[in-house]
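Peer 1: Can you read through this structure? Questions will come right after.
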Amino acid sequence: MPIHRRTFLRGSSVALALPMLDAMQPRSATAAAKEDEQPRRMVCINTPLGYLPSDFFPETAGKNYESTRYLKSLDDLRGDFTVFSGVSHPDVSGGHHAAHSYLTAAPGPGGSSFRNTISLDQYIAERLPPETRYNFLTLAVGSDARSGLSWTSGGVRIPPVSSPANLYAKLFLQGKKDSVARQVRSLQDGQSIMDVIMERAKRMERSLGAGDRAKLDEYFTSVRTLEERLKQNEEWVHTPKPKVKMSKPENPDDRSVVYGRTELFLDLIHLAIQTDSTRVIAIEVGSGGRPPIKGVSMEHHNLTHHGKDPTKIEQLKLIEDEEMKVMARFLKKMKATSEKGETLLDRTMIQYGSNIGNAAAHSNTNIPMILAGGGFKHQGHLAFDNQKNTPLSNLYVSMLQRLGFETDSFGSSTGTMSGLEMTT
């Protein structure tokens, strides 16, 4: 018997969405015409402290560029992404305040009279048909309560989910607040969602082909692994800190574990996309704390204002290396996950960049930008004028058109992104 693609495995306070299986065939010819069209998705990621330009941007344009220090982490994915130089949002300045305009392109974010406009993710979420459990997810890692990339058409910021455990509960737990709280406690005590639904899962598996059974096993293993990492993350955050006889150092806090939290969020994003729980995600990956990286002794934010001190610059490079490795791991995981003859990376545009071009100068021009996957003919390095930048919103128009929207403008765009073509 065919399984509908909106099928959930349910248990007490648990609703586990399933990945796309071969057995999930439409129940009628009319449905077939619609559901044979695989969904396209978008993930937008902002790292608001930027990257050292010399270690991010290649010196030459085109597909045969020589990898920079940071792009070497992505060498295995060369044909799956495009790196852009010479792009920014016109009239968007204000240093770190420019994060407000990352997905909106609204001018003057540092000014007292600033009023934001709708963000790219919300523009899309408002226009997509209600075919997923969540129209969008807006997330933030290691940032304060004022963070987040998503803004309504009225210029109101949408509060992001900032805890991996809370996102996990949002995706997988159901019921009233007290029943969800009980399930959370059970998971903290070591019980897996899979323990709750395993009998039903086994019954379903008996009706599936070998390929679908292998795909389900891979998915269930990912869920169990993620639960264990979530548990470890929560235990670490709540573990009392040791007492030492020394003066208070530079403001250590939970932001220092941002890379572990980022990986948890990206793993949850992978599951959310794999189960088609949403098709629009925006996540801000903040920092500022001192990360637990060997060779790093200062806070990330302070290191970006390095004053050309070679010791600080080398520490900053170690941090930015780690950020790129985390992103490479996510992209490879998306590429390794199949969906009806394609990969999740094929079907998902992943935009990764920063609102900061040169953090040492608080510059918001020539910002680092990558677009991976999503059904484009990737061109290696698309280099535009570093002095007269191409509007980043041109990329947003190309992304909107790839999602099927008939529009030729967004924000400060002047058209689509030159040199970036869609696949068929």
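Peer 1: Rg over Rh of the range 121-172, using C-alpha atoms and the Kirkwood radius, what does it come to? Present the calculation step by step, with values, prior to reporting the outcome.
Peer 2: Values: Rg = 11.9 Å, Rh = 12.1 Å.
Result for the range 121-172 is an Rg/Rh of 0.98.
Peer 1: Give me Rg/Rg_expected for the range 362-406, where Rg uses Cα atoms only and Rg_expected = 2.2 N^0.38 Å with N residues. Intermediate results must be reported in sequence, preceding the final value.
Peer 2: Working: Rg = 12.1 Å, N = 45, 2.2 N^0.38 = 9.3 Å.
That works out to 1.29 for the range 362-406.
Peer 1: Further question: Length gain on complete extension for the stretch SER297 to SER113, per 0.36 nm per residue less the alpha carbon to alpha carbon distance? Don't skip to the answer; put the middle values down first.
Peer 2: Working: separation 184, 0.36 × 184 = 66.24 nm, distance 3.86 nm.
Working it through step by step, the gained length comes to 62.4 nm.
Peer 1: As a quick test, which of the pairs LYS215/LYS332; LYS72/LYS333; LYS72/LYS325 have an alpha carbon distance above 21 angstrom in this structure? Each step should come with its number before you reach the end.
Peer 2: Numbers: LYS215/LYS332 17 Å; LYS72/LYS333 17 Å; LYS72/LYS325 9 Å.
Pairs exceeding the cut-off: none.
Peer 1: If packing is taken as the average count of other Cβ atoms within 10 Å, what order do 118-126, 93-101 fall into, highest mean first? Can you show the working numbers first?
Peer 2: Working: 118-126: 23.0, 93-101: 21.4.
Going from most to least packed, we get 118-126, 93-101.
Peer 1: Separate question: Using the Karplus equation 6.51 cos²θ - 1.76 cosθ + 1.60 (θ = phi - 60°), what ³J(HN,Hα) coupling, rounded to whole Hz, does each residue of the range 307-324 give in order, writing x for Gly and Pro?
Peer 2: Taking θ as phi minus 60°, the curve returns x, 6, 6, x, 5, 5, 4, 5, 5, 4, 4, 5, 5, 5, 4, 5, 4, 5 Hz for the range 307-324.
Peer 1: Along the charge dipole of the range 276-369, Cβ charges K/R +1 and D/E -1, which of ASN358, PRO310, THR348 sits furthest on the positive end?
Peer 2: The residue sitting most towards the positive pole is THR348.
Peer 1: I need two numbers for the range 289-401: Rg to one decimal and Dmax as a whole number, Cα atoms only, in Å.
Peer 2: Reported Rg and Dmax, both Å: 17.0, 51.
Peer 1: Please give the contour-minus-distance gain from ASP195 to MET422: 0.36 nm per residue of separation, less the Cα-Cα distance, rounded to one decimal in nm. Intermediate values should be presented prior to the final figure.
Peer 2: Details: separation 227, 0.36 × 227 = 81.72 nm, distance 4.33 nm.
This chain segment gains 77.4 nm when fully extended.
Peer 1: Now, a different point. Mind jotting down a quarter of the surface of the convex hull over the alpha carbons of the range 263-342, in square nanometres, one decimal? Mind showing how you got there, number by number?
Peer 2: Values: hull surface 25.7 nm².
Value for the range 263-342: 6.4 nm².
Peer 1: Which order do peptides 355-361, 45-51 fall in by mean Cβ count within 10 Å, highest first?
Peer 2: Working: 355-361: 21.4, 45-51: 24.1.
Highest to lowest by the protection proxy: 45-51, 355-361.
Peer 1: Ranked by Cβ crowding within 10 angstrom, fewest neighbours first, how are TYR352, TYR65, TYR102 ordered? Write down the numbers at each step before the final one.
Peer 2: On the way: TYR352 24, TYR65 17, TYR102 29.
Result, fewest neighbours first: TYR65, TYR352, TYR102.
Peer 1: From the backbone phi of the range 54-70, what are the Karplus-calculated ³J(HN,Hα) couplings (6.51 cos²θ - 1.76 cosθ + 1.60, θ = phi - 60°) in whole Hz, Gly and Pro given as x?
Peer 2: The phi angles translate into 5, 9, 9, 7, x, 7, 10, 8, x, 6, 9, 5, 8, 4, 7, 3, 6 Hz.
Peer 1: Report, in whole Å, the centroid distance computed from the Cα atoms of the range 90-111 and the range 329-344.
Peer 2: Result: 33 Å between the Cα centres.
Peer 1: I've got another one for you. With charges only on Cβ, +1 for K and R and -1 for D and E, what is the dipole size of the range 48-103 about its Cα centre, in debye, rounded to 20? Walk me through the numbers on the way to the answer.
Peer 2: Numbers: 4 positive and 7 negative charges, 4 e Å.
For this selection, approximately 20 debye.
Peer 1: Assuming R0 = 45 Å, can you tell me the calculated FRET efficiency for the pair PHE405 and ARG329, based on Cβ-Cβ distance, to the nearest 0.05? Don't skip to the answer; put the middle values down first.
Peer 2: Values: r = 31 Å, r/R0 = 0.68.
For PHE405 and ARG329, the calculated efficiency is 0.90.
Here, each number is a calculation from the coordinates, and none is a lab measurement. Keep in mind that this is a model prediction, so the values were computed, not measured. Heads up, the Cβs are rebuilt from the backbone with ideal geometry, glycines too, and the neighbour counts pull from every protein chain shown.
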